[in-house]
Structure formats: C-alpha cells, structure tokens
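Only one structure is covered here, and it is reproduced in the block below.
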Amino acid sequence: MLQRLATALTHWTRRWVPDAWIIAVLLTVITFLLALAFGKHGPYQLIQDWGNGFWVLHTFAMQMALIIMTGYILSASRPVRAALNWLAGIPRNPVQSVGLMALVSMLLAWINWGLSIVGSAVFVRYMVRKQRGVDYGLLVCAAYLGLGGMWHSGLSASAPLLVATPKHFMEKEMGIISVTQTIFTPFNLILAFIVLVVWTFLAMRMHPKPEDTIEADPSLLKEEAEEPKPEIKTFADWIAHTPWVNLFVGLMGLVWLFWNYSTKGFGGITLDSVNFMFLILGILFHWTPASFLKAAAEAGTHVWGVLIQFPFYAGMFGIIRDSGLAQVMANWFTAIATPQTFPLFIYWYSGILNYFVPSGGSKWAIEAPYIVQAALNLKVPLNQLVVTYAWGDMMTDVIQPFWAIPLLGIAKTEFRNIMGYAIVFFIVYFVVTSIAFLIMPYVF
C-alpha cells in the first residue's frame with residue numbers, strides 16, 4: 001500500500017509541481033491578485049511595489065548561496081571524506097547501517113545543511129561499498145533525513161540566523177533576536193533530540209527482511225580512482241598546490257573567529273559568522289588552493305537557483321509589505337487563532353506551503369510580513385514564532401524531492417524508490433512535532 005501511495009505521490013509531484021522558478025512566478029501572480037483584491041494599491045502601483053522590492057534580498061540571497069557553497073566545499077574535503085569512509089566501516093549488520101546513516105545525515109544537517117546535501121550522498125557510496133545486505137532505498141531515504149527534518153533547527157537555520165543578523169530585512173518589525181532565544185532554547189534542542197532518536201530508531205525498525213531487501217546496483221561498489229599527482233612546472237603551478245596560501249588565510253580566519261565568539265558569545269552566531277566559519281574550515285581542510293577552488297567551482301553549479309529565484313521572492317515581499325496585504329493577511333490569522341493555537345496553525349500552514357515553496361529562506365520572505373504582524377496582534381513572542389516557522393518549514397521536506405536532487409544524482413536512484421519509506425517518516429514526524437507545537441505555548 002505504501003509503495004502504491006509513494007508512486008502515486010511522486011507521479012503527481014512530477015506532473016503538477018513545476019520548477020522552483022516557475023513556482024516563484026506563479027506565486028507572484030497569486031500575490032498580485034490578492035493585493036489587488038484586498039490591498040490598497042491598483043495594478044500600476046503594485047508593479048511599482050514589486051519592482052521596489054525586487055532587490056531587497058540581495059544580501060540574504062548571497063548568504064543562502066554561501067551556505068550551499070561552504071557546506072559543499074567542506075563535504076568535498078579529504079578529511080571529511082576520510083571520516084565518512086571510516087564511519088562506514090563501523091556497522092556490523094544492515095540494521096545498524098541504516099541507523100548510522102540516519103544519525104550522520106541529521107547531525108551533518110544540524111551543523112550545516114549544505115554539508116549534509118553532499119556529505120550524506122558521499123556517505124551512501126562509502127556505506128554500500130563496505131556493507132552488504134542493506135536495503136538501498138531505505139539507506140538513501142535515511143541519508144535524506146537531515147534535509148528532510150533537521151536542518152532548520154541547527155546552526156545553518158535560515159530564519160533563526162537571519163533574525164540574529166544585524167540589518168536583516170525585517171529588523172524594523174522584529175529587531176534582532178539572538179540564537180539563544182531560538183536555536184539554543186531548550187524547546188528547540190529537546191525537540192531536535194527527540195526527532196533524532198525517533199527517526200534513527202524508526203529507520204532501524206523499518207529495515208526489511210533479507211528476502212525482501214533490494215541492494216544497491218553493483219556499479220556503485222567500484223572504488224573511485226585517485227586523482228593523479230599534479231605536475232609542478234611553473235611558479236603558478238607551485239603556488240596553486242602549496243598549503244601556505246590556505247594556511248595564511250585559515251590562520252587569519254581562526255583568529256577572527258576566536259575574537260568574535262570570545263567577545264560576543266552566542267550573540268556572535270549570525271548567518272555571516274557561520275558562513276565565515278565554514279568557509280575557513282573548507283579552506284583549511286582542502287589544504288591547497290587548487291583543491292579548494294576545484295570544490296568551489298563544483299559548488300557553484302548548485303547555487304544558481306538561489307540567485308535567480310530570490311529576486312522574485314523579494315518582489316512578492318515588496319507587494320505584501322507596501323500594498324497593505326500584510327496587515328490584511330495578518331488579520332486573517334488573528335481571526336482564527338488564539339495565542340495558544342497560533343503556533344500549531346503557523347506550523348501546519350508553513351508545512352503545507354513548504355511543499356510548493358521548498359526553500360526556508362525565500363519562503364520566509366513571503367510569510368514574514370504577515371505572520372510577524374499576526375504574532376504581534378496576538379502578543380505571541382517573536383522568538384517563539386521564528387522557531388515555529390523553522391520547524392513548519394521542514395514539515396513536508398522529507399516527502400518533497402527538491403532538495404533530494406543532488407543526493408539522488410550521486411546515489412543514482414529515483415525519488416519514487418525512497419518515497420514509500422519517506423511517507424512513514426513523514427507521518428511519525430508530523431505526529432511528534434504537532435504535539436510539540438500544541439503544547440509549545442505552555443512550555444516555551
């Protein structure tokens with residue numbers, strides 16, 4: 001039954017859910033029509049609102065692109081790959097293998113979701129080479145759990161880090177909210193730990209019997225050929241392959257990080273400082289400029305979507321902010337919610353919208369103007385709202401194939417092959433997190 005449901009949902013998604021940029025355009029049309037119907041501006045003024053907002057998210061788009069790039073660069077480094085290769089040899093049976101895969105994927109995503117995108121995919125390859133009898137569909141699904149339900153509670157969480165960064169686009173309405181009030185609250189940390197334990201246990205329990213197991217394609221078992229040693233003939237060759245350049249930059253970066261976190265503590269954790277930290281680690285771990293620049297060039301192929309889509313989400317932000325639509329939509333939420341039910345409503349709403357706009361950063365630009373206003377109307381603490389949004393933004397990730405594309409490409413499989421397992425993870429996740437946000441107003 002699950003396989004039939006998985007296949008049907010995958011077919012529906014591929015048939016009806018278009019490319020992310022097309023979704024951005026369609027949402028722009030919907031936002032325009034809503035503003036025309038309920039806002040205070042006519043068509044000509046709305047186009048001005050759209051154009052005026054188009055470049056508001058320049059900084060934010062760059063920050064999101066750097067999360068992808070720095071995470072990718074770090075995951076492609078030799079120390080990280082060596083660590084993953086060593087970890088792949090630890091399990092003693094297929095059940096332990098999928099459990100470790102789930103655990104590593106979620107831990108990597110909590111540290112940096114860009115790191116998890118590639119690191120988890122690389123770990124899949126190492127795992128199938130060292131372990132036998134592991135169901136490949138479940139293994140790949142377990143590798144997607146970090147992006148599927150953990151990343152927005154961690155150190156690269158888009159919304160919590162953004163509101164902790166000075167001069168963010170909602171600073172006038174929200175002020176600066178430190179990560180000590182969002183990421184490092186007991187509620188967020190305990191919920192992340194519960195999901196980590198529950199999903200790891202669930203992955204282990206779901207491993208099929210040996211007669212029902214479908215293993216990886218034998219072609220994935222081949223060892224990757226080592227890159228040939230570079231020939232050093234010129235000064236340019238030498239400086240590209242010497243560690244001194246990376247060590248110089250890395251040392252400067254480590255000194256700055258020490259100063260930043262020693263003087264500011266948790267207050268020093270912002271989008272910029274997190275990106276800086278992972279960039280410096282990537283430079284050090286790659287050891288030479290040639291290795292670092294090669295990884296950066298590969299990472300660049302994954303950021304074009306952010307750079308193209310964010311201006312259109314910024315245009316929607318401009319319409320919602322300047323046309324009066326934000327106040328109207330905030331009043332809709334105020335009318336149906338109470339301070340006690342608001343977190344659960346926002347959690348469900350963000351989760352549903354996330355299936356069609358699978359990007360925590362760009363979706364925050366759409367939602368923030370009216371859900372922040374609704375929270376202010378209901379006197380709901382804004383740090384509580386940010387945590388609620390972050391978890392809601394992850395609710396449907398595990399059944400949404402958008403962020404699985406790099407993983408599926410490296411793993412050489414299709415989303416429909418993991419969707420059956422993903423649905424089970426989603427159902428359990430939905431129940432656990434919904435209970436958490438039902439009781440959130442009483443324990444946060």
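The values are calculated or read from the model by the stated rules, or taken from the named source; none is laboratory data. Not measured: the values here are computed from a predicted model. In this analysis, Cβ positions are derived from the backbone assuming ideal geometry, glycine residues included, and neighbour counts consider all displayed protein chains.
Take H152 and decide whether it is under 27 Å from P343 (Cβ atoms), of a type outside the set (K, R) and within 17 Å of the chain's Cα centre (by Cα).
yes
Of everything in the range 1-58 that's within 23 Å of Q400 (Cα to Cα) and small (G, A, S), which residue is modelled with the highest pLDDT?
Among those residues, the one meeting the criterion is A24.
Is it the case that the range 74-89 has a residue that's under 29 Å from I366 (Cα atoms) and either basic (K, R) or crowded, with 18+ Cβ neighbours inside 10 Å (or both)?
Scanning the range 74-89, I find no residue that is under 29 Å from I366 (Cα atoms) and either basic (K, R) or crowded, with 18+ Cβ neighbours inside 10 Å (or both), so the answer is no.
Considering each residue of the range 389-422, count those that are under 12 Å from G137 (Cβ atoms) and buried (at least 17 other Cβ atoms within 10 Å of the Cβ), and give that number.
Qualifying residue count, the range 389-422: 11.
For the range 362-379, which residues satisfy the criterion of being free of Cβ contacts under 8 Å to residues at least 60 places away in the same chain and either of a type in the set (V, I, T) or more than 24 Å from V443 (Cα to Cα) (or both)?
Hits for the range 362-379 are K363, E367, Y370, I371.
Just to be sure I understand, how many residues within the range 281-305 are β-branched (V, I, T), surrounded by fewer than 22 Cβ atoms within 10 Å (Cβ to Cβ) and part of a helix (DSSP H, G or I)?
The total comes to 0.
In this structure, is L271 out of contact with any strand residue (DSSP E or B) (no Cβ under 6 Å at 6 or more places or on another chain), surrounded by 17 or more Cβ atoms within 10 Å (Cβ to Cβ) and closer than 24 Å to G154 by Cβ?
yes
Scan the range 169-199 residue by residue and report those that are surrounded by fewer than 24 Cβ atoms within 10 Å (Cβ to Cβ), in a loop (DSSP other than H, G, I, E, B) and not aromatic (F, W, Y).
Passing the criteria: M170, G175, I176, I177, S178, T185.
Quick one: in the range 400-444, of everything that is touching an Asp or Glu at 6+ places or on another chain (Cβ under 8 Å) and part of a helix (DSSP H, G or I), which residue is modelled with the highest pLDDT?
L408
What about W199, is it under 17 Å from F425 (Cβ atoms), at pLDDT 95 or above and of a type in the set (F, W, Y)?
Judged against the criteria, W199 is a match.
So is G114 modelled with pLDDT under 85, buried (at least 24 other Cβ atoms within 10 Å of the Cβ) and under 18 Å from Q400 (Cβ atoms) or not?
yes
Helices (runs of 4 or more DSSP H) wholly in the range 105-154 with at least 2 residues that are touching a residue at least 60 places away in the same chain (Cβ under 8 Å) and over 18 Å from I194 (Cβ atoms) - which ones?
Passing ranges, in order: 113-130, 136-143.
Conditions (1) of a type in the set (S, T, N, Q); (2) modelled with pLDDT of 75 or more; (3) outside any helix (DSSP H, G or I); (4) surrounded by 12 or more Cβ atoms within 10 Å (Cβ to Cβ), marked per residue:
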| residue | (1), (2), (3), (4) |
| --- | --- |
| S219 | yes, no, no, no |
| E224 | no, no, yes, no |
| I232 | no, yes, yes, yes |
| F248 | no, yes, no, no |
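Only residues that are modelled with pLDDT under 90 and among the aromatic types (F, W, Y): list them for the range 306-348, please.
Matches in the range 306-348: F310, F312, Y313, F317, W332, F333.
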